[in-house]
Amino acid sequence: MKASVLITLVILLLCLGVSPAVQGQTTPSFSVNAAAGVLLDVDSGQILFAENPADVRVPASLVKVMTMYIALDQIQQGRAALEDVSLVSERAWRMGGSQMFLEIGEQITIEELLFGISVVSGNDATVALAEALAGTESLYVRWMNDKAAELGLDVHFVDVHGLSAENRITAEDMAWLAYHYIREHPEALDYHQRRSYGYQPRSQSSPIVQNNRNGLLWRYEGTDGLKTGYLSAAGYNLVATATQNGRRLIAVILGAENERVRENEAVNLLNYGFRSFETVSTAELLPASIQRVYKGREGVYLTTDVKSIVIPRGTANALQTHLLLDTLEAPLTQGQPVGTLSISHDGRLLRELPLRAAASVERAGFARVALDSAILLFQRLTGIFQ
């Protein structure tokens, strides 16, 4: 293909707001009724749909996904515990918008705050959590931005609750943030899937029970998260995740005109992903035979970290693979990178997966090492590679 033609095609794809990788999957006959939308398959790490994925948007309360992420990181690292108690400050109590209804001077556990953030989207709970774990909200926000940089996300946070219109994110980055979050902290879904949560402030005689703002928990099979958001500068946002038949998808809708629209569009994306694609195990695409390991006691099977890919349903015969394998020499350690598996679909590159040694291979005895050394030397001298 001539360079000018290739450039024209790329420009056309960008103008349409759909990435070339998505075009390599299938071309949907719909677009989202929102400013931006992305659909991500979690097991394969493939984006199945993207419309305006790189447009910079205001996340609103979607910021709280990162707020939760940092807290669960701190707990996982042993720097905090669910039963740790925080004292509610006046600043936390004064937070406007959605609230858990904390009161000044109350003692509350970290776990209660996590429910207050994930279920009822309490802005007061986010500040109380940040102050409990970092001392100040500003330090906690720095942790959030550091985490985003660590994950390779081009986002920017200025608060822990999402009330500021200065927070920045894209639909694609939001999808990847949710992807890393639930993979590193699957326990997070125990909080996000709770349909309601009641907190009893000190001044009340009974708990204040509030429903989860994610309507898909009631209306879409397999939904167990994740978060809603709204600001006038953002519109109505939703990042939803659901599992059906062992597959998990993440749908992101940014800038919808109301709650019902954002839910309907998320449902459309999830239906598209579950109904239009099928899973292929990468084990079926790897060489079935043992690969030779020079100077080793035995050969080795190949494996990859990605366990599956997804393709348009009924198109498995359009898959092609290309193996690029290093010259394997012992000793090898289990998991050591040894090459690349390129997977194409209908002639278009779909994924490039790093190949790894499925097991360790020890160095052989003197005779085998000497023979293989001679073979490798001959190959290098003659330009023959096997």
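Readers should treat all values here as calculations from the given coordinates under stated rules, not as data from a laboratory. Just so it is clear, the structure is predicted and the values come from calculations on it, not from any experiment. FYI the Cβ positions are ideal-geometry reconstructions off the backbone, even for glycines, and counts take in every protein chain you see.
Tabulated results
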| item | result |
| --- | --- |
| Rounded to whole Hz, the Karplus (6.51, -1.76, 1.60) HN-Hα couplings of the range 142-155, x for glycine and proline | 4, 4, 4, 5, 5, 5, 4, 5, 4, 7, x, 9, 8, 10 |
| Packing-based ranking, highest mean first, of 55-61, 277-283 given that Cβ atoms within 10 Å are counted | 55-61, 277-283 |
| Spatial separation of Cα centroids for the range 222-263 and the range 279-303, in angstrom | 40 |
| Shape category assigned to the chain from the gyration tensor of Cα positions, a/c cut at 1.5 | prolate |
| Relative contact order %, the range 285-382, counting alpha carbon pairs below 8 Å whose residues are six or more apart | 32 |
| Protection-proxy order for peptides 102-114, 314-326, 35-47, each taking the mean of Cβ atoms within 10 Å per residue, highest first | 35-47, 102-114, 314-326 |
| Among Thr327, Phe274, Gly105 the positive-end extreme of the charge dipole of the chain (Cβ point charges) | Thr327 |
| Whole-Hz ³J(HN,Hα) from phi, Karplus 6.51 cos²θ - 1.76 cosθ + 1.60, for the range 43-55, glycine and proline x | 5, 8, x, 9, 7, 9, 7, 8, 10, 6, x, 9, 5 |
| For the range 270-386, convex hull volume per residue from C-alpha positions, Å³ | 103 |
| Cα gyration tensor shape for the range 89-246, rounded if a/c is under 1.5, else prolate or oblate | oblate |
| The chain, helix-only ellipticity at 222 nm - DSSP H runs n ≥ 4, -39,500 (n - 2.57), divided by all residues, nearest 500 | -10000 deg cm²/dmol |
| Cα-centred dipole magnitude for the range 285-382, charges only on beta-carbon of K, R (+1) and D, E (-1), debye, nearest 20 | 60 |
| Principal axis dimensions, the range 19-110 - Cα atoms, whole angstrom, descending | 55, 31, 17 |
| Euclidean distance of C-alpha centroids, the range 60-124 and the range 162-177, integer Å | 19 |
| Ranking of Met68, Met174 by count of other Cβ atoms within 10 Å, fewest first | Met68, Met174 |
